[in-house]
Amino acid sequence: QVQLVESGGGLVQPGGSLNLSCAASGSIFSISMLGWYRQAPGKQRELVAHISSDGTTNYADSAKGRFTISRDNAKTTVYLQMTSLKPEDTAVYFCTLRFGIHNYWGQGTQVTVSS
């Protein structure tokens, strides 16, 4: 089984930065698609970014130019660097690991952007 544990969330002022991490267990990390999603109160969960096993990245329009997803296969960790944060980035952020038909989720970490 795969377990994902996010960390790094918190309260930050508008314009600030935050770095999220997601540590994974299991042996399929390096060959899996990894991603970050978020869910704001009253809204549906949405994709923020994902990174494939070969390092190809894809971002939601709202994240382009501000967020960077990366992975460290040796540490079985996926990261999300967030800069120029806005109040509308406030949400619970979830990491995911997808391998074949299997899709695993972390428990989420709260990010609040407020002055």
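The values are calculated or read from the model by the stated rules, or taken from the named source; none is laboratory data. Note that the structure is predicted; figures quoted are calculated from it, not measured. Backbone-built Cβ (ideal geometry, glycine too); neighbour counts: all protein chains shown. Just the protein is used for accessible areas: all its heavy atoms, side chains included, with ligands, DNA and RNA removed. Shrake-Rupley method; radii C 1.70, N 1.55, O 1.52, S 1.80 Å.
Before moving on, here are some points about what is shown:
- Residue pairs whose Cβ atoms lie under 7 Å apart, sitting 6 or more positions apart in sequence or on different chains, and linking a residue in region 101-114 that is on the phi > 0 side of the Ramachandran plot to a partner that is of a type outside the set (D, E, K, R) and part of a strand (DSSP E or B), are G108/V92; G108/Y93; G108/F94.
- Test for N73: is it farther than 14 Å from Y93 by Cβ, touching a Phe, Trp or Tyr at 6+ places or on another chain (Cβ under 7 Å) and open to solvent by 40 Å² or more (accessible area, probe 1.4 Å): yes
- Checked against the criterion of being surrounded by 15 or more Cβ atoms within 10 Å (Cβ to Cβ) and either closer than 16 Å to T112 by Cβ or acidic (D, E) (or both), the candidates Y93, Y37, Y79, Y59 yield just one match: Y93.
- Filtering region 89-114 to residues that are over 11 Å from Q3 (Cα atoms), modelled with pLDDT of 95 or more and assigned to a loop (DSSP other than H, G, I, E, B) leaves T90, G108, S114.
- Within region 40-56, the only residue that satisfies the criterion of being at positive phi and open to solvent by 80 Å² or more (accessible area, probe 1.4 Å) is G42.
- Restricting attention to region 1-22, the residues that are over 13 Å from M82 (Cα atoms) and open to solvent by less than 50 Å² (accessible area, probe 1.4 Å) add up to 4.
- Residue check for Y59: closer than 18 Å to R98 by Cα and in contact with an Asp or Glu (Cβ under 9 Å, 6 or more places away or on another chain): no
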